[in-house]
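The values are calculated or read from the model by the stated rules, or taken from the named source; none is laboratory data. Computed from a predicted model, the values in this text were never measured in an experiment. A quick note on method: Cβ atoms are made from the backbone with ideal geometry, for glycine too, and the neighbour counts reach across all protein chains shown.
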Amino acid sequence: MYKIMIVEDDAELANQMKKHIEAWGNEVFCARDFANIIGAFTGFDPHLVLMDISLPFYNGYYWCAEIRKISNVPIIFVSSASDNMNIVMAMNMGGDDFIAKPIDLDVMTAKIQAVLRRAYDMSGKIPILEHRGAVLNLNDASLTYNGEKIELTKNEFRILRTLMENKGKAVSRDTLMIKLWQMDSYVEENTLTVNVTRLRRKLDGAGLTDFIATKVGIGYIVE
């Protein structure tokens, strides 16, 4: 079963697409807040996005570019403007395929299945971690929040990855020490405190206040 996100402001068409895709055993989410597609994307964490080009607030090209900052998830553009220029633009913006309106639901399904096979039969799930709208890309060790990339050092990435993989659970300082320096020489424990302090400062500066909490006598937690 795959998770498919539909970004289409024609509610009737979106519902038709949803029912047809669900009939093949997939889970489908239709976006409703067209001013915050990234929030919906990170919350649902889909395997594929069907993206209309003409949307309220920002067009599909804009949202494709924003998604590409944090994920390589397949995106299929949907548009009634099926001329060559739009198709070329869609591919250049990071799209994986293009479906012209009026939509033939069987053609849509065939294209979805083909793109999913190409994307996941060999490579598996796109590796990202998300919490409170912050997205940690495990491919390039970057953190993105509100469309802005936050540069992380190697140690900061290892700390954040470990905490986000265990969100809701306290992670001991010993566990973090092992994760930090399993490939390096031993470093004094105080260095962990320094790294966490610097990471918190970066997160606070990006608007992620109190993202990492301290569990006295245990370690740290993301919750």
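Starting from the range 79-96, keep only residues that are within 15 Å of R68 (Cα to Cα), then list their pairs with residues that are at pLDDT 70 or above and assigned to a loop (DSSP other than H, G, I, E, B) whose Cβ atoms are within a distance under 8 Å, requiring at least 6 positions of separation or different chains.
Listed by first residue and then by second, the contacts come to A90/I53; D96/P74.
Do we find that A35 is loosely packed, with under 14 Cβ neighbours inside 10 Å and part of a loop (DSSP other than H, G, I, E, B) in this structure?
yes
V7 - would you say it is of a type outside the set (S, T, Y), outside the structural domain of A134 (by TED's automatic domain parsing), surrounded by 20 or more Cβ atoms within 10 Å (Cβ to Cβ) and over 22 Å from K149 (Cα atoms)?
Considered against the rule, which asks whether it is of a type outside the set (S, T, Y), outside the structural domain of A134 (by TED's automatic domain parsing), surrounded by 20 or more Cβ atoms within 10 Å (Cβ to Cβ) and over 22 Å from K149 (Cα atoms), V7 comes out as yes.
At pLDDT below 85 and part of a helix (DSSP H, G or I): is that true of M177 in this structure?
yes
Every residue in the range 1-29 that is more than 18 Å from S80 (Cα to Cα), of a type outside the set (F, W, Y) and not in a loop (DSSP other than H, G, I, E, B), please.
Residues satisfying the conditions are K3, I4, M5, K18, K19, H20, I21, E22, E27, V28.
For F57, are the conditions met, namely being in a loop (DSSP other than H, G, I, E, B) and either within 24 Å of A134 (Cβ to Cβ) or in contact with a strand residue (DSSP E or B) (Cβ under 7 Å, 6 or more places away or on another chain) (or both)?
Yes.
Return the pairs, sorted by first residue and then second, in which the second residue is of a type in the set (S, T, N, Q) and surrounded by 13 or more Cβ atoms within 10 Å (Cβ to Cβ), the first residue lies in the range 8-24 and is modelled with pLDDT of 95 or more, the beta carbons are less than 8 Å apart, and the residues are 6+ apart or on different chains.
From residues that are modelled with pLDDT of 95 or more, there are no pairs.
Among the candidates I70, I76, I99, I112, which residue alone is modelled with pLDDT of 90 or more, touching a helix residue (DSSP H, G or I) at 6+ places or on another chain (Cβ under 8 Å), surrounded by 14 or more Cβ atoms within 10 Å (Cβ to Cβ) and not in a helix (DSSP H, G or I)?
Step by step, each of I70, I76, I99, I112 is checked, and only I76 is modelled with pLDDT of 90 or more, touching a helix residue (DSSP H, G or I) at 6+ places or on another chain (Cβ under 8 Å), surrounded by 14 or more Cβ atoms within 10 Å (Cβ to Cβ) and not in a helix (DSSP H, G or I).
For the range 39-51, indicate whether the set of residues that are small (G, A, S), in the same structural domain as I103 (by TED's automatic domain parsing) and closer than 15 Å to A90 by Cβ is non-empty.
no
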